[in-house]
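Data block below; observations after.
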Amino acid sequence: MPETRYVFVTGGVASSLGKGIISASLAKLLQSRGYSVTIQKLDPYLNVDPGTLNPYEHGECYVTEDGAETDLDLGHYERFLNVPTSQANNVTTGRIYQNVINKERKGDYLGKTVQIIPHITDEIKRNIKLLGTKHKYDFVITEIGGTVGDIESLPYIEAVRQLKWELGHRAAVIHLTLVPYLSASGELKTKPTQHSVKSLLEIGVQPDVLVLRTERHLAQDIRKKVALFCNVNPRAVIQSIDVKTIYEVPVKMQEEGLDEIILEKVQLPVDEKPALKDWKGFLNKLNNAKEVVTIGLIGKYVELADAYKSIIEALIHASTYNDRKAKIELIHSESIDASNVESKLKGLDAVLVAPGFGHRGIDGKIEAVKYVRENNIPFLGICLGMQCAVIEYARNVLNLKEANSREMNHTTPDAVIDLMEDQKNVSDMGGTMRLGAYECELKKSTNSLKAYGKELVHERHRHRYEFNNEYLESYEKAGMKAAGCNPETGLVEIMEIPEHKWFVGVQFHPEYSSTVLKPHPIFLAFIKAAISEK
Ligand code: GLN
């Protein structure tokens, strides 16, 4: 096994250029060559983790198996690599400072003045190297959040400078920038890239590879010019041209030779190009699906599709494997009421009610569940979506008109969804929910068991409230059944209506574990139900 190699991915010129996708694509290519690879995201903000962030701020909060609340880029890493990530894969400035300050309070610094250099940078370096030394990966790819030149990311770039020096041939730096096209003059402009590399050089970091995001093909002369100005080998100036789907990026990066350039740089053999057979098989299906499946995704953050990133990707995976093109209609839950629910949901092949927190938009979600339940439209409710299905059933079938979740109404006479016992004394908001993977035992003759094909599954959670088991008997008598429970605590994890075409509410988040090569069974079955009889 080779000594761990470290690849750093920085960004310049603009944010949102897709460092996460480039990192994941390189990782995929190295993994296809037989290396063990992990990807880490370093986020320069002061929150200890993104768990307390509003989705409008930062998109979805992605939850790992070990219960870390993390950046949504970790979702891309898992979807591309099919390997679980953990808390160690996402570190924020908040966490770095928290660790350093805790050590200082313990007296670990022996009377020294604690400073950004070396103490903060040492803690950053320790977190980067941990994945190599403790988890023994062949490659650790570290994505530095933000853009070079930001005050916040300076300590990270400084840590990269030091590590590059310490690790020698075992480290490489990829800098991702933008080459804008000016339609007025019909030109592609490289100056922003030159300036961005200058900013990196000012802090002492010479990039080894430049990946240039572009709308148009970059001719050889442009690449040569960038290489000349930025002290980079012309072969190591590569383009990342806009593509229809993020899943095409690994193929494009292979064509550009990104993995080969990195292997040469870190002094590992460049053998044959991997065929990427399964990956290309998926892409083929994705690009060639003719028939469409239309799914309504009902949530309150629909203005920002990133808030539902993993759900949208899981729907794409499952539709693709069902030979369908996913047409996802984002419907704002606040826009739905009894008078318009039919016109809003008519024509959809299936409806997914999204997770969420708090009261806003809840009435529209409940109205939507009622409509799909009564009209036999395939339904998947995730977390709050499942809780809404439970509330709707109580109000309209069990005749408990004021039934609610304790989260929405503290004094409801029928808290069919109630605060979990171990949440009752929790006052801190950060990292205190029921988080991470728990077992769920599936009941016989259920849609869930049929979908998974096995009785015991592990799924990731992120919630404080839970189905209230005092009501289970009434539900089951009326026709809504617990289809899966936690074997230790008896908490209900899945509710189903067996009489319905396909009606499944899950307390957990199946979307987090759907990957390109391993689509999630619940999503597969949901889409299958959506397209049956069509
Ligand atoms: N707000 C609900 C709870 O805490 C649902 C959470 C979610 O949808 N992730 O139980």
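The values are calculated or read from the model by the stated rules, or taken from the named source; none is laboratory data. Just so we're clear, the structure is a prediction, and the values are computed from it rather than from any experiment. Using ideal geometry, Cβ is built from the backbone for each residue, glycine included, and neighbour counts are taken over all protein chains shown.
Odds and ends about this structure:
- The residue of the range 407-420 that is farthest from the ligand (Cβ to nearest atom), among those that are among the polar types (S, T, N, Q) and closer than 28 Å to CYS61 by Cβ, is THR412.
- Across the range 351-380, the number of residues qualifying as touching a Lys or Arg at 6+ places or on another chain (Cβ under 9 Å), within 16 Å of the ligand (Cβ to nearest atom) and outside any loop (DSSP other than H, G, I, E, B) comes to 7.
- Considering the range 130-146, and only residues there that are over 18 Å from ALA24 (Cα atoms) and in contact (Cβ under 8 Å) with a residue 60 or more places away in the chain, the residue that is nearest to the chain's Cα centre (by Cα) turns out to be HIS135.
- Test: residue in the range 396-406 that is at negative phi, within 15 Å of the ligand (Cβ to nearest atom), in contact (Cβ under 8 Å) with a residue 12 or more places away in the chain and surrounded by fewer than 23 Cβ atoms within 10 Å (Cβ to Cβ): yes
- Taken as a whole, the range 135-144 holds no residue that is assigned to a helix (DSSP H, G or I), surrounded by 15 or more Cβ atoms within 10 Å (Cβ to Cβ) and modelled with pLDDT of 95 or more.
- Complete set of residues in the range 482-534 that are aromatic (Phe, Trp, Tyr) and more than 16 Å from the ligand (Cβ to nearest atom): TRP502, PHE503, PHE523, PHE526
- Selected residue (criterion: surrounded by the most Cβ atoms within 10 Å (Cβ to Cβ)) from residues of the range 487-507 that are touching a residue at least 40 places away in the same chain (Cβ under 8 Å) and over 16 Å from PHE379 (Cβ atoms): GLU493
- In the range 71-114, the residue that is nearest to ASP278 (Cα to Cα) out of those that are touching a Ser or Thr at 6+ places or on another chain (Cβ under 6 Å) and not in a helix (DSSP H, G or I) is ASN82.
- Within the range 154-206, if we keep just the residues that are under 20 Å from ASN127 (Cβ atoms) and of a type in the set (Val, Ile, Thr), the residue that is surrounded by the fewest Cβ atoms within 10 Å (Cβ to Cβ) turns out to be ILE203.
- Some residue of the range 249-264 being of a type in the set (Lys, Arg) and at pLDDT below 95: no
- Among the numbered conditions (1) outside any strand (DSSP E or B); (2) within 16 Å of the ligand (Cβ to nearest atom); (3) touching a residue at least 24 places away in the same chain (Cβ under 8 Å); (4) more than 22 Å from GLY67 (Cβ to Cβ), the only one that SER445 does not meet is (2).
- Residue match in the range 381-390 (condition: polar (S, T, N, Q) and within 13 Å of the ligand (Cβ to nearest atom)): yes
- Test for GLN423: is it under 19 Å from ASN486 (Cβ atoms), crowded, with 23+ Cβ neighbours inside 10 Å and within 16 Å of the ligand (Cβ to nearest atom): no
- Residues that are crowded, with 22+ Cβ neighbours inside 10 Å, among the polar types (S, T, N, Q) and outside any helix (DSSP H, G or I) do not occur anywhere in the range 222-238.
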